[in-house]
Amino acid sequence: MDPQIGIIGLGTMGANLARNAARNGAKVVVYNRSAEKTDEFMSQYGKEGMIEGYKSYKELVQVLTPPRPILIMVKAGEAVDSVIDELREHLSPGDILIDGGNSNFEDTQRRYDNLKKSGLKFIGMGVSGGEEGALNGPSMMAGGDNDAYDEVDELLNRMAADDGVGGKCVSLLGPGGAGHFVKMTHNGIEYGVMQLIAESFDLLKRIGGFDNDQLAETFEAWRDSDELSSYLLEITAEIFGSKSDVLDAIKDQAGQKGTGKWTTSAALHYGVAIPTINASVDARIISGSESERKSGKNFPVSLDEQDPVPPPMKFRSIVRHAYELSMLLTYMQGILLIKKANEDEKWGIDMGEVVRIWRGGCIIRSSVLGRLQNAFGKDEGKVKAGKQAIMERFQGDRQMDFRRTLVFASSRGIPTPAMSASLNYWDALRSETLPQNLIQAQRDFFGNHGFERVDKEGEYHIDS
């Protein structure tokens, strides 16, 4: 029997996933709250496969064979709950609801637990790749029960992007909210890498004096390198190559939909340091803080620009190294956050599998993921080699260039929040001692919190 799926919500992502499923041999039945949108979709794409459009939940459910898989593609939050509430009266035990939006993982866990009581299956599945990925092959990060996933595994594998090493970029990562937690953290990494690229652009333009043609050539070279090749550099090169006139007219305020802030909140909850991602979220907030930025134009500034700027190609190489090392640390911060949440929640996530399904289709796909997959996988030999390969990137001139980049930026008053946070993270991890012993002494002084000593066991106080 051909695979089947119902899809509720025909926005860009829902519509393209419907077309993707139909192109891969599935019977696809679609519904949108606006009947006009359903009609428009059917008129444009109804002949791309076995696609049928319906005007009610009851009709949609009736034409699917139990157990019915239904993909919900609506705005995260109350809209998802509303669809579930209206839809469930038409469903039977064993039917499978899949939330493919950017839902908060805690909401997904709540829905998973609630629907389980009534015999319905629920999968929270993060989908990455934008509208092109949704149509031609996204990365899909699922959380739910094995038996529910088994019902949709074949179709999802047909729809997903190739990982470049013989697999597909889709996996059941764990139960409940596991899939949406991974997708949320994926988006946090995305925030970080985008900010690092923006800071590199700013440094090359404002210090190096690069024009848009030179920036296009720079990002093309980085995109084509074995060390840096990535989707985000690919689209950056295209922006400077063919759309730079539009770029110069864009207001310097970056929006956000919430997944970056959720990542920051989750990191605080689980006690994991993700300073590059946090700095990237802050950078977007500052960019939109119009009154604060307006008053900041009057702030006094004292600069020291004595350190001469190297020739353009040398300066480009210096900034490249700062970008590469910061980018590696961003991925590592996100992976370590997933690792810690996984340990606390006992989801059973395979960290190597997480990285593998990011290798194709998704926004953060990058050549560095091969090394990271090895470093966080299960094969001890590959783990050692992967970690060694990453550490080698931080040795010698690359790390010196990382530090030099921030000197150039600081001395000229150019903000580099994500790069600076990355280097501080690195230095904090490698430092033999940190000044938090003073903080603990202060805490004990005013709050009697106590402290541990390095020379003997037990809890002590300043006056003991």
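Per-structure values
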item: Where a residue in the range 96-111 is farther than 12 Å from Ala76 by Cβ and open to solvent by 10 Å² or more (accessible area, probe 1.4 Å) and its partner, wherever it lies, is modelled with pLDDT of 95 or more and small (Gly, Ala, Ser), with Cβ under 6 Å and at least six apart; result: Gln109/Gly176; Gln109/Gly177
item: Selection from the range 123-169 of residues that are in a strand (DSSP E or B) and either open to solvent by less than 10 Å² (accessible area, probe 1.4 Å) or in contact with a Pro (Cβ under 7 Å, 6 or more places away or on another chain) (or both); result: Ile123, Gly124, Met125, Gly126, Val127, Ser128, Ser139, Met140, Met141, Ala142, Gly143
item: Lone unmet requirement of (1) over 16 Å from Arg365 (Cβ atoms); (2) buried (at least 24 other Cβ atoms within 10 Å of the Cβ); (3) touching a residue at least 40 places away in the same chain (Cβ under 8 Å) for Asp202; result: (2)
item: Identity of the residue in the range 386-399, open to solvent by less than 60 Å² (accessible area, probe 1.4 Å) and part of a helix (DSSP H, G or I), that ends up farthest from Asn136 (Cα to Cα); result: Gln399
item: Criterion: more than 23 Å from Ser326 (Cβ to Cβ), in a helix (DSSP H, G or I) and among the basic types (Lys, Arg) - qualifying residue of Arg443, Arg404; result: Arg443
item: For Gly271: the one exception among (1) exposed (fewer than 12 other Cβ atoms within 10 Å of the Cβ); (2) at negative phi; (3) not charged (D, E, K, R); result: (2)
item: Residue check, Gly176 closer than 25 Å to Asn278 by Cα and crowded, with 24+ Cβ neighbours inside 10 Å; result: no
item: Residue in the range 39-46 that is part of a helix (DSSP H, G or I), farther than 25 Å from Thr259 by Cα and among the small types (Gly, Ala, Ser) present; result: yes
item: Qualifying residue in the range 203-214 (condition: of a type in the set (Gly, Ala, Ser), closer than 29 Å to Ala409 by Cα and at pLDDT 95 or above); result: yes
item: Residue that is farthest from Ser289 (Cα to Cα) [pool: residues in the range 208-240 that are open to solvent by less than 20 Å² (accessible area, probe 1.4 Å) and not in a helix (DSSP H, G or I)]; result: Ser225
item: Inter-residue pairs, beta-carbon under 7 Å, first open to solvent by 20 Å² or more (accessible area, probe 1.4 Å) and in the range 400-419, second among the hydroxyl-bearing types (Ser, Thr, Tyr), 6+ apart; result: Leu406/Thr416; Leu406/Ser420
item: Options Gly352, Gly377; residue that is over 28 Å from Pro417 (Cβ atoms) and either in a loop (DSSP other than H, G, I, E, B) or open to solvent by 70 Å² or more (accessible area, probe 1.4 Å) (or both); result: Gly377
item: Some residue of the range 244-251 being without any contact (Cβ under 8 Å) to a residue 12 or more places away in the chain and at positive phi; result: no
item: Residues located in the range 58-95, provided they are in a helix (DSSP H, G or I), farther than 30 Å from Thr185 by Cβ and touching a residue at least 40 places away in the same chain (Cβ under 8 Å); result: Leu60, Val61
item: Of the criteria (1) open to solvent by less than 50 Å² (accessible area, probe 1.4 Å); (2) more than 33 Å from the chain's Cα centre (by Cα), which one Gly49 fails; result: (2)
item: Selection within the range 304-324 - part of a loop (DSSP other than H, G, I, E, B), surrounded by 10 or more Cβ atoms within 10 Å (Cβ to Cβ) and in contact (Cβ under 8 Å) with a residue 24 or more places away in the chain; result: Asp304, Glu305, Asp307, Val309
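The values are calculated or read from the model by the stated rules, or taken from the named source; none is laboratory data. Only a predicted model underlies this, so the values are computations on that prediction, with no experimental measurement involved. Neighbour counts run over all protein chains shown; Cβ positions are idealised from the backbone, glycine included. Protein only, heavy atoms only, side chains kept; ligands, DNA and RNA dropped before computing areas. Shrake-Rupley method; radii C 1.70, N 1.55, O 1.52, S 1.80 Å.
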